[in-house]
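To keep things clear, I will list the structure first and then write my remarks on it.
The values are calculated or read from the model by the stated rules, or taken from the named source; none is laboratory data. Since the model is a prediction, treat every value here as computed from it, not as a measurement. Using ideal geometry, Cβ is built from the backbone for each residue, glycine included, and neighbour counts are taken over all protein chains shown. Calculation scope for accessible area: heavy atoms of the full protein, side chains included, ligands and nucleic acids excluded. Shrake-Rupley method; radii C 1.70, N 1.55, O 1.52, S 1.80 Å.
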Amino acid sequence: MSSPARPDNAHAPFDYMVEVVDLRKSFGDHEVLKGVTLRVRPSEVVCVIGPSGSGKSTLLRCVNLLEQPTSGHVIIEGVDITQAGVDINRIRQKVGIVFQSFNLFPHLTVEQNLTLAPMKVQGRPREECVNRAHELLRRVGLEDKIHAYPDSLSGGQQQRVAIARALMMDPDVMLFDEVTSALDPELVKEVLDTMKELAAGGMTMIVVTHEMGFAREVSDRVIFMDEGVIVEEGPPEKIFSAPEKERTRAFLSRVL
Amino acid sequence: MAILAVFAPGEIIDKYFNLHYGLQYLPHLLYAARLTILLSLVGEFFGIIIGLAMALMRLSHHRLVRAPAVFYINLFRGTPLLVQLMFIYFALPFAGVNLEPIQAGMVGLALNSGAYVAEIFRAGIQSIHRGQMEAARSLGMSHAQAMRYVILPQAFRVVIPPLTNEFVALLKDSSLASVILVQELAYQMRALASATYNLTSYTEAAALYLIMTLPLSKLSDYLEKKLKVVKR
């Protein structure tokens with residue numbers, strides 16, 4: 001058993017960066033997740049595909065407790081965050097998330113969007129945060145936009161800023177919730193390229209996506225969800241070329 | 001016959017637009033208008049502080065925090081300001097709370113506007129897309145940090161026009177303080193008229209209220225347009 005714990009991790013070694021065990025989530029009478037179990041190893045890139053309403057986004061949002069699960073467990077780096085008394089604000093710093101609708105802070109510049117949380121939450125000095133912001137914006141190709149307001153950026157640029165903002169917290173896992181769905185087609189590629197680079201750098205990623213090309217090319221494992229359960233999972237070549245389940249085949253025939 | 005007399009032009013000018021009395025009243029009315037402005041500013045200032053606190057409590061997930069705010073807002077929006085002022089000035093002394101008229105007026109106006117401002121802030125906060133709160137929380141911010149650094153700065157922009165309108169309403173409502181003997185503009189208006197049997201003070205007071213409120217209404221319209229453009 002390998003022990004991927006980093007020096008800055010206080011707790012015991014863990015095999016999985018993220019473990020989701022028998023997760024259920026209901027909104028009123030409607031059960032959206034009907035017992036989902038998913039384990040993600042460090043540096044693994046997992047893509048979650050499936051029809052809309054299948055529970056993909058809810059699953060992702062349960063991983064950092066933006067949605068409170070009805071039952072089941074979410075374990076991040078060996079810590080069960082569904083237990084009472086867990087400091088969720090600390091856990092969330094390890095779990096970055098990027099949303100479909102970017103959610104940049106419109107009253108702040110790009111630089112302030114990036115530096116706000118590390119300064120206020122982690123108490124890191126301003127200068128260090130600004131330097132790191134420059135570095136990350138350079139990586140996503142937007143260093144020249146550092147003093148711009150989100151309104152003046154294209155959707156693709158905003159989404160890359162959002163990725164950089166999440167990376168400012170030095171997360172161990174990144175969650176992507178249909179991050180290209182709100183983008184004009186010609187802007188999708190620049191965002192996917194940024195994500196590919198991140199994957200190549202060894203980031204653990206859970207990606208909910210409709211981009212089958214990205215899932216096939218970048219992911220280590222593809223999860224197909226439908227009606228609140230994981231129907232089938234496996235390496236991308238198997239899921240896309242030789243799916244076992246009829247529902248998977250039916251879905252892929254519709255989207256490919 | 002008396003009615004006909006009122007309609008005679010010379011009579012009207014003499015009664016309502018009398019230059020002699022007008023000039024004589026003006027310094028008194030201007031002095032009283034200062035009190036009107038003071039009352040309104042103090043009322044609005046504390047109204048904003050109370051209103052912000054009540055709005056945040058009103059939006060809490062805890063029933064025990066929410067309930068007092070709901071009670072407060074309902075109480076002060078559901079009863080007339082006139083009754084509130086009279087209660088504070090005439091009824092509270094029997095409970096050992098003795099306030100000067102001006103103090104009672106300020107307290108009443110602050111408490112009353114606090115209830116309206118609370119609803120303005122609540123609407124402002126709720127108008128900010130929930131994705132903003134989620135983004136802030138997902139970066140590890142506490143609820144309080146997210147409010148302070150992300151939600152409220154955006155909500156403040158949204159509430160500036162309705163807050164300006166609220167201030168205009170408050171300035172006009174401050175005239176009710178005349179009933180509890182605060183010697184503000186409306187009080188002075190009546191006092192001068194009954195002392196001299198000339199009604200020009202009413203005309204002048206109305207004009208002074210307009211001079212105070214119209215620029216504020218214009219400012220509100222301007223801010224509404226300007227802030228909308230920024231928000232797109």
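Go through A:S26, A:S54, A:S43 for me and flag whichever is of a type in the set (S, T, N, Q), crowded, with 21+ Cβ neighbours inside 10 Å and out of contact with any Phe, Trp or Tyr (no Cβ under 7 Å at 6 or more places or on another chain). Spell out how you get there, then give the answer.
Values: A:S26 fails: crowded, with 21+ Cβ neighbours inside 10 Å; A:S43 fails: crowded, with 21+ Cβ neighbours inside 10 Å.
Answer to the check: A:S54.
Does B:R122 satisfy being farther than 25 Å from B:I37 by Cα and in contact with a helix residue (DSSP H, G or I) (Cβ under 7 Å, 6 or more places away or on another chain)?
Numbers: farther than 25 Å from B:I37 by Cα: yes; in contact with a helix residue (DSSP H, G or I) (Cβ under 7 Å, 6 or more places away or on another chain): yes.
So B:R122 passes the test.
Here is a yes/no grid of residues against (1) in contact (Cβ under 8 Å) with a residue 40 or more places away in the chain; (2) more than 25 Å from B:L152 (Cβ to Cβ); (3) open to solvent by less than 30 Å² (accessible area, probe 1.4 Å); (4) of a type in the set (S, T, N, Q):
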{"site": "B:T79", "(1), (2), (3), (4)": "no, yes, no, yes"}
{"site": "B:L82", "(1), (2), (3), (4)": "yes, yes, no, no"}
{"site": "B:M86", "(1), (2), (3), (4)": "yes, yes, no, no"}
{"site": "B:Q103", "(1), (2), (3), (4)": "no, yes, no, yes"}
{"site": "B:L109", "(1), (2), (3), (4)": "yes, no, yes, no"}
{"site": "B:S113", "(1), (2), (3), (4)": "yes, no, yes, yes"}
{"site": "B:V117", "(1), (2), (3), (4)": "yes, no, yes, no"}
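Residue under question is A:D144, and the condition is that it be within 22 Å of B:A136 (Cβ to Cβ), open to solvent by 50 Å² or more (accessible area, probe 1.4 Å), assigned to a helix (DSSP H, G or I) and not β-branched (V, I, T); does it hold? Outline the logic, then answer.
Working: within 22 Å of B:A136 (Cβ to Cβ): no; open to solvent by 50 Å² or more (accessible area, probe 1.4 Å): yes; assigned to a helix (DSSP H, G or I): yes; not β-branched (V, I, T): yes.
No; evaluated as a whole, the condition is false for this residue.
Confirm whether B:I125 is within 26 Å of B:S175 (Cβ to Cβ) and open to solvent by less than 70 Å² (accessible area, probe 1.4 Å).
no
Table: residues versus (1) in contact with a Ser or Thr (Cβ under 7 Å, 6 or more places away or on another chain); (2) under 18 Å from A:L66 (Cβ atoms).
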residue	(1), (2)
A:Y16	no, no
A:V21	yes, no
A:R24	yes, yes
A:V32	yes, yes
A:G35	no, no
A:L38	no, yes
A:E44	yes, no
A:C47	yes, no
A:G50	no, no
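So in the stretch B:136-145, with the set limited to residues that are among the small types (G, A, S) and out of contact with any strand residue (DSSP E or B) (no Cβ under 8 Å at 6 or more places or on another chain), which one is nearest to the other protein chains (Cβ to nearest Cβ)?
At the first step, the residues of the stretch B:136-145 found to be among the small types (G, A, S) are B:136, B:138, B:140, B:142, B:144.
Retained after the next criterion (residues that are out of contact with any strand residue (DSSP E or B) (no Cβ under 8 Å at 6 or more places or on another chain)): B:136, B:140, B:142, B:144.
Working: B:A136: 8, B:G140: 4, B:S142: 6, B:A144: 11 Å.
Among those that are among the small types (G, A, S) and out of contact with any strand residue (DSSP E or B) (no Cβ under 8 Å at 6 or more places or on another chain), it is B:G140.
Does the stretch B:146-160 contain at least one residue that is small (G, A, S) and within 12 Å of chain A (Cβ to nearest Cβ)? It would help to see each step written out before you state the result.
Here is the first cut: in the stretch B:146-160, the residues small (G, A, S) are B:146, B:155.
Restricting the remaining residues to those that are within 12 Å of chain A (Cβ to nearest Cβ) gives B:146, B:155.
Yes: the stretch B:146-160 contains one or more residues that are small (G, A, S) and within 12 Å of chain A (Cβ to nearest Cβ).
Being within 15 Å of A:M168 (Cα to Cα) and within 8 Å of chain B (Cβ to nearest Cβ): is that true of A:L114 here?
Details: within 15 Å of A:M168 (Cα to Cα): yes; within 8 Å of chain B (Cβ to nearest Cβ): no.
Judged against the criteria, A:L114 is not a match.
Confirm whether A:D170 is more than 21 Å from the chain's Cα centre (by Cα) and open to solvent by 60 Å² or more (accessible area, probe 1.4 Å).
Values: more than 21 Å from the chain's Cα centre (by Cα): no; open to solvent by 60 Å² or more (accessible area, probe 1.4 Å): yes.
No, not satisfied.
Can you run down the residue pairs with Cβ atoms below 6 Å, 6 or more apart or on separate chains, where the first is in the stretch A:155-171 and of a type in the set (G, A, S) and the partner is open to solvent by 10 Å² or more (accessible area, probe 1.4 Å) and part of a helix (DSSP H, G or I)?
Matching pairs, first to second residue: A:G155/A:L187; A:G156/A:L187; A:G156/A:E190.
Name the pairs whose Cβ atoms lie under 7 Å apart, with the first residue in the stretch B:120-137 and closer than 11 Å to B:L56 by Cα, the second outside any helix (DSSP H, G or I) and open to solvent by 10 Å² or more (accessible area, probe 1.4 Å), and 6 or more positions between them or separate chains?
B:R122/B:L59; B:I125/B:L59
In this structure, does A:N103 turn out to be touching a residue at least 24 places away in the same chain (Cβ under 8 Å) and touching a Phe, Trp or Tyr at 6+ places or on another chain (Cβ under 6 Å)?
Numbers: touching a residue at least 24 places away in the same chain (Cβ under 8 Å): yes; touching a Phe, Trp or Tyr at 6+ places or on another chain (Cβ under 6 Å): no.
So A:N103 fails the test.
Please determine, by comparing only the residues of the stretch B:42-98 that are of a type in the set (S, T, N, Q) and not in a helix (DSSP H, G or I), which one is modelled with the lowest pLDDT. Spell out the reasoning first.
Start the filter on the stretch B:42-98 by keeping residues that are of a type in the set (S, T, N, Q), which leaves B:60, B:74, B:79, B:84, B:98.
Next cut, not in a helix (DSSP H, G or I) only: B:60, B:79, B:98.
On the way: B:S60: 92, B:T79: 97, B:N98: 95.
If we take residues in the stretch B:42-98 being of a type in the set (S, T, N, Q) and not in a helix (DSSP H, G or I), then B:S60 is modelled with the lowest pLDDT.
One line per residue, one yes/no per condition, for (1) among the β-branched types (V, I, T); (2) free of Cβ contacts under 8 Å to residues at least 60 places away in the same chain; (3) assigned to a strand (DSSP E or B); (4) under 22 Å from B:A135 (Cα atoms):
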{"site": "A:R39", "(1), (2), (3), (4)": "no, yes, yes, no"}
{"site": "A:P42", "(1), (2), (3), (4)": "no, no, no, no"}
{"site": "A:V48", "(1), (2), (3), (4)": "yes, no, yes, yes"}
{"site": "A:S57", "(1), (2), (3), (4)": "no, no, no, yes"}
{"site": "A:C62", "(1), (2), (3), (4)": "no, yes, no, yes"}
{"site": "A:L66", "(1), (2), (3), (4)": "no, yes, no, yes"}
{"site": "A:P69", "(1), (2), (3), (4)": "no, yes, no, yes"}
{"site": "A:H73", "(1), (2), (3), (4)": "no, yes, yes, no"}
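Out of curiosity, is A:V208 free of Cβ contacts under 8 Å to residues at least 60 places away in the same chain, β-branched (V, I, T) and touching a helix residue (DSSP H, G or I) at 6+ places or on another chain (Cβ under 7 Å)? I'd like the intermediate steps shown before the answer.
Details: free of Cβ contacts under 8 Å to residues at least 60 places away in the same chain: no; β-branched (V, I, T): yes; touching a helix residue (DSSP H, G or I) at 6+ places or on another chain (Cβ under 7 Å): yes.
Spelling it out, it is not the case that A:V208 is free of Cβ contacts under 8 Å to residues at least 60 places away in the same chain, β-branched (V, I, T) and touching a helix residue (DSSP H, G or I) at 6+ places or on another chain (Cβ under 7 Å).
Do you know which of the residues in the stretch A:82-99 that are at pLDDT below 95 and either part of a loop (DSSP other than H, G, I, E, B) or within 16 Å of A:L153 (Cβ to Cβ) (or both) is nearest to the other protein chains (Cβ to nearest Cβ)?
So the residue we want is A:D87.
Spot the failing condition for A:E127; the list is (1) within 13 Å of chain B (Cβ to nearest Cβ); (2) at negative phi, and only one is missed.
(1)
Could you say whether any residue in the stretch A:125-139 is basic (K, R), in a loop (DSSP other than H, G, I, E, B) and open to solvent by 10 Å² or more (accessible area, probe 1.4 Å)? Even if it seems obvious, please write down each step before you answer.
Going through the stretch A:125-139, the residues basic (K, R) turn out to be A:126, A:132, A:138-139.
Adding the requirement that they be in a loop (DSSP other than H, G, I, E, B) leaves none.
Taking every residue of the stretch A:125-139 in turn, none turns out to be basic (K, R), in a loop (DSSP other than H, G, I, E, B) and open to solvent by 10 Å² or more (accessible area, probe 1.4 Å).
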